[in-house]
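Structure, as structure tokens:
The values are calculated or read from the model by the stated rules, or taken from the named source; none is laboratory data. Remember, it's a predicted structure, so these values are computed and weren't measured experimentally. Every residue, glycine among them, receives a Cβ derived from its backbone with ideal geometry; neighbour counts consider all protein chains shown.
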Amino acid sequence: MNIPELLEIIKKTESPLKRQLLMVGLITSLLEQKGKEAPIIIGGCALSYYTREVYFTADIDLAYANREDLNIILKDIGFEQQGRYWLNNELKMAVEAPASVLVGEDAPIEIVELGEGLTCRIIGIEDLIMDRLNACKYWKSAIDCEMVELLMKKYAQELDWSYLKKRAVLPENNTLSELIECKTKVEK
């Protein structure tokens, strides 16, 4: 893998989401070359992926336990740490690792083939819905309420409803009534 060539491909890629996914693919590849696990895209970047860029975020949020290894890779490919973010001004990109792991060992993951020999992992749609449902309920975030409905409508036939219900009844979520209400609303 020629890192400067990949960085140039990323720089020239027009789609902001595709640029972000390629960057995570590069980070993943470099970590895996060192025998480390792959990071998982979470948050707004995952939402952008599942909504096909209806929603857009400027930063890449990753779940990754070994921050030291991630920090070394980010520095090696031109990122500079500023507070909790890693910024690459030339690429106009920001990376943050706000979570160390996903909740639950059975958490589904989407693996995306990106070309150039790169792949990336994205939080499963069900866990993303739970994350946004929590933001809707507890932060009173109207945009997250809308995104939950959009995702449920778009992926209704593919969702693992038993997994969603299992996650909704967990004490840290306590969102079963909101989940059922939203499901009823989108089925109309």
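A few notes on this one:
- Check on ALA94, assigned by TED's automatic domain parsing to the domain that holds GLU32, out of contact with any Cys (no Cβ under 8 Å at 6 or more places or on another chain) and at pLDDT 95 or above: yes
- Checked against (1) more than 18 Å from THR119 (Cα to Cα); (2) surrounded by fewer than 20 Cβ atoms within 10 Å (Cβ to Cβ), TYR55 meets all criteria but (2).
- Within region 4-22, the set of residues being part of a helix (DSSP H, G or I) and farther than 15 Å from GLU90 by Cα comprises LEU17, LYS18, LEU21, LEU22.
- Strands (runs of 3 or more DSSP E) completely within region 66-157 that count 3 or more residues being closer than 15 Å to ALA46 by Cα: 93-99, 109-115, 118-123
- Among the residues making up region 158-188, those that are of a type outside the set (A, V, I, L, M), without any contact (Cβ under 8 Å) to a residue 12 or more places away in the chain and part of a helix (DSSP H, G or I) are SER162, LYS166, SER177, GLU181, THR184.
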